[in-house]
Amino acid sequence: MNPHTKGLAASRFVPVDHASVRFPRGFWKHWHDTVRDVTVPTQYMRLEEEKFLEVLDFKSPPGPLARPIQPSGLSMQHFFDSDFGKWIEAASYMLKYQRNADIEAKIDDIVDRLEEGQMPDGYLNSWFIRREPEKRWTNLRDLHEMYSMGHLLEGAVAYYEATGKRKFLDIMSKCVDHIIDTFGTEEGKLRGYDAHEEIEIALIKLYKITGDPRHLRQASFFVDERGQMPSYYDDEARRRGEEPDDYIFETYAYSQAHKPVREQTEVEGHAVRATYLFSAMADLAFETGDDSLRAALETLFGHLTSKLLYVTGGIGSSKDNEGFTREYDLPNETAYAETCASIALGFWTHRMAQTVLDARYTDILELVAFNGALSGIGLDGHSYFYENPLESHGQHRRWQWHYCPCCPTNIARFIASIGSYHYTAKENALAVHLYSDNSVTLALGGTEVAVTQSTDYPWDTDVSFAIDPATPADFDLSLRIPGWCKGARLSVNGEDIDLSAVTERGYATISRTWSAGDTVTLHLPMPVERLYAHPDATENAGRVALKRGPVVYCVEQADVGVPPQHLILSADDTFEAEFRPDLLGGATVLTGPALKMNASEWQGALYQGSKPTTEPVTVTAIPYHLWANRDAGGMLVWMMER
């Protein structure tokens, strides 16, 4: 821990080391093991097969583009560095659990090639070094220059923390020195910032290792400078001989650069960029105590969750800008809801709970983790979704790789580090945000404490904690009481706790002297819940979604035999929950009655003068994150209801 943050850690919650959290069984064991054993190795294969690593052949003349230039002037190849940077990060998180000589050799080879290509002044971006060296730092608006550097830096930090090897970290620190020498308010420096936020997050991660105030100041500069007028992007375009009004996305709200960040009150533009920015702002609010940033984020959080959030935790409804449109515009079949965006929403909300311990934030983190982000990877660990629609007629199928494969490596690094999202701690307190079967050992109250969660959550309603300090210790244990839960019950060593007396902002805090053998039991009732959308979300008028606990459900044609769009639920009917160990790796499903419209009576006609007749059927609904793991067919989250 760097000396600057040591004092803060005593008074503020910080995430536990992800590798200290072990998953011996339960929900996250499958996903964690699959990412380690399948996802990380196969993603490296894809990076090779798709010519991503070829960009590191600095001694060879550049060959044909693997990804052609788009109408925007951008090739996906502009940011290939970011994809293997994220792969290194995901692989490194797993290496911290268990060293793997083959994976380390692959990373070391990439690092050697990056070192070979790095410019003497520290500049490191494969596109500009090999293809357009004269154009570096001339188009921050469009070309993802520092975005790629940021993901390489995050990978370098993770690899150093996993292995202790400094080479990659030193390479990227030299690159950061170049960035600091190039950008800032001082005379002779550029007052620019990358249109795709990311470097800000990476700089703060570097700062947490080095304690070097320059790294924190540079992250603050990029955040504070964003949106200042006159726009840097206007001046930059003119220097390139372009007219600023010809910008393909028309408004700088696309990259949250339309006004200073503290003046932004509505979430706009590209969804991933926005939530990366908000994550960096939350980090800065934590590190600097800047309440003006936290206040702005609180406003933006309220806007997003009340006007723009899919029931699954997806964000960004439009493929045209990979982001937000108008309020309540939440189409189902054409939902973009990029996997990266849900993951970034998880990054942001987890950081918000570090500035203020509030279950409003971690409820969204949980929603993302069990639904909108997890749907982005198949059960096999090597098939993916970029977009996560809430309705399909069978046209949506998982793919092995993507033209723009930012999502596979993102979901890999999210799952690989999921342990750190479960707990945050400070000197004399532990906060539990996510529930699953796991164990963690950490220092609390001046002693080493082992905490073991035993549960089949999210399928089961009970979570038990075994608390085992090496010696009796005084510390607080704060447990999130989910916002969806009514009638939660809490006990310590069999003695009931009055939740109303100990709960603040959705966290129940138990303050006591803990001894080996102490147990805590949390009961979270999970009745099947029917959710209805705001009337302005007109796509879902007359429809209902099913949810149990943190899990959102959908109906797939594979289970009902007909397109789920033909089904109608009755408002009076009830659904029962049943765990099916034989289905999709083991999951709780919901079963209940419905009516099926008879399409056969149309006999080829498109319209007729009478309503369709119906017949009763039994419907099985599966967790949304498990859809599209079987044969092609329709899927629906929002069901018709009468």
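Since every read-out is calculated from the coordinates, none of them should be taken as a lab result. Just so we're clear, the structure is a prediction, and the values are computed from it rather than from any experiment. Neighbour counts run over all protein chains shown; Cβ positions are idealised from the backbone, glycine included.
Rounded to whole Å and sorted largest first, what semi-axes of the equivalent ellipsoid does the C-alpha gyration tensor of segment 196-273 yield via the square root of 5 times each eigenvalue?
Numbers: eigenvalues 137, 45, 25 Å².
Whole-Å semi-axes of the equivalent ellipsoid: 26, 15, 11.
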Report task. Can you put S464, S420, S92 in order of Cβ neighbours within 10 angstrom, beginning with the fewest? Result -> S464, S420, S92
Report summary line: Unit-weight point scatterers at every alpha-carbon of the chain, Debye formula, q = 0.09, 0.10, 0.11 1/Å: log10 I(q)/I(0) is -0.75, -0.93, -1.12
Query raised in the report: If you average over every viewing direction, what projected area does the convex hull of the Cα atoms of segment 74-116 give, in nm²?
Result: 3.3
**Report entry** Label-point gap, in nm, between D573 and D496 - each point 7 angstrom along Cα→Cβ
**Finding:** 3.7
Query raised in the report: Convex hull volume of the Cα atoms in segment 529-641, per residue, in Å³?
Result: 128
Requested in this report: Rounded to whole Hz and in sequence order, give me ³J(HN,Hα) for segment 581-589 from the Karplus expression 6.51 cos²θ - 1.76 cosθ + 1.60, θ = phi - 60°, writing x for Gly and Pro.
Outcome: x, 8, 10, 6, x, x, 7, 7, 10
Requested in this report: Mind checking which lysines have their Cα closer than 28 Å to the Cα of K307? Skip sequence neighbours fewer than 8 apart in that chain.
Outcome: K259, K319, K486, K547
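Based only on Cα atoms, what mean projected area does the convex hull of segment 63-137 have, in nm²? Mind dumping the intermediate values first?
On the way: hull surface 25.6 nm².
Projected area, direction-averaged: 6.4 nm².
Dividing the Cα convex hull volume of segment 427-523 by residue count, how many Å³ per residue is that? Before the final figure, lay out each step's value.
Details: hull volume 8.7 nm³, N = 97.
Cα convex hull per residue, to the nearest whole number: 90 Å³.
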Report task. Work out the charge dipole of segment 460-613 with +1 on the Cβ of Lys and Arg and -1 on the Cβ of Asp and Glu about the Cα centre, then indicate which of T471, A516, T574 is farthest towards its positive end. Result -> T574
Requested in this report: Using all C-alpha to C-alpha distances in segment 349-426, build P(r) with 10 Å bins and read off the rounded percent in each one.
Outcome: 16, 43, 28, 12, 1
Query raised in the report: Hey, how much of the P(r) for segment 274-361 falls beyond 18 Å, as a percent of Cα pairs?
Result: 41
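Arrange the following residues from fewest to most other Cβ atoms within 10 Å of their Cβ: L522, L65. Let's see the in-between values first.
Details: L522 25, L65 13.
Ascending Cβ contact count within 10 Å gives the list L65, L522.
Sorted by mean Cβ packing within 10 Å, highest first, what order do the peptides 174-187, 253-266 take?
253-266, 174-187
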Query - Backbone HN-Hα couplings from phi across segment 502-513 [Karplus 6.51/-1.76/1.60, Hz, Gly and Pro as x] - result: 10, 9, 9, 6, x, 10, 8, 10, 9, 10, 6, 8
Query - Qualifying lysines (Cα of each under 27 Å from Cα of K106; at least 8 residues distant if same chain) - result: K29, K51, K59, K86, K96, K165, K167, K174, K205, K208
Query - For R580, distant residues with modelled amide H under 5 Å away - result: A587, T588, V589
Query raised in the report: What list of whole percents do you get for P(r) of segment 270-423, with Cα-Cα distances grouped in 10 Å bins up to the one holding the largest distance?
Result: 12, 42, 34, 11, 1
Report summary line: Cross-link reach from K611 to aspartates and glutamates, straight Cα distance under 12 Å and at least 8 residues apart if same chain, gives E601
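I need the semi-axes of the equivalent ellipsoid of segment 449-577: take the C-alpha gyration tensor, multiply each eigenvalue by 5, square-root it, list largest first in whole angstrom. Could the numbers behind the result be given before it?
Working: eigenvalues 311, 54, 26 Å².
Square roots of five times the eigenvalues give 39, 16, 11 Å.
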Query raised in the report: Where the centroid of each part is defined by its Cα atoms, how far is segment 252-307 from segment 127-196 in Å?
Result: 23
Report summary line: Counting sequence-distant residues (5 or more places) and residues on other chains, those with an amide H built under 5 Å from that of D380 are none
Report summary line: Ranked on Cβ counts within 10 Å of their own Cβ, fewest leading, E338, E387 go E387, E338
Query - For F183, residues with placed amide H under 5 Å, excluding near neighbours - result: L190
Query raised in the report: Using θ = phi - 60° and the Karplus form 6.51 cos²θ - 1.76 cosθ + 1.60, what ³J(HN,Hα) does each residue of segment 100-110 get, whole Hz, x for Gly and Pro?
Result: 9, 4, 5, 5, 4, 5, 5, 5, 4, 5, 4
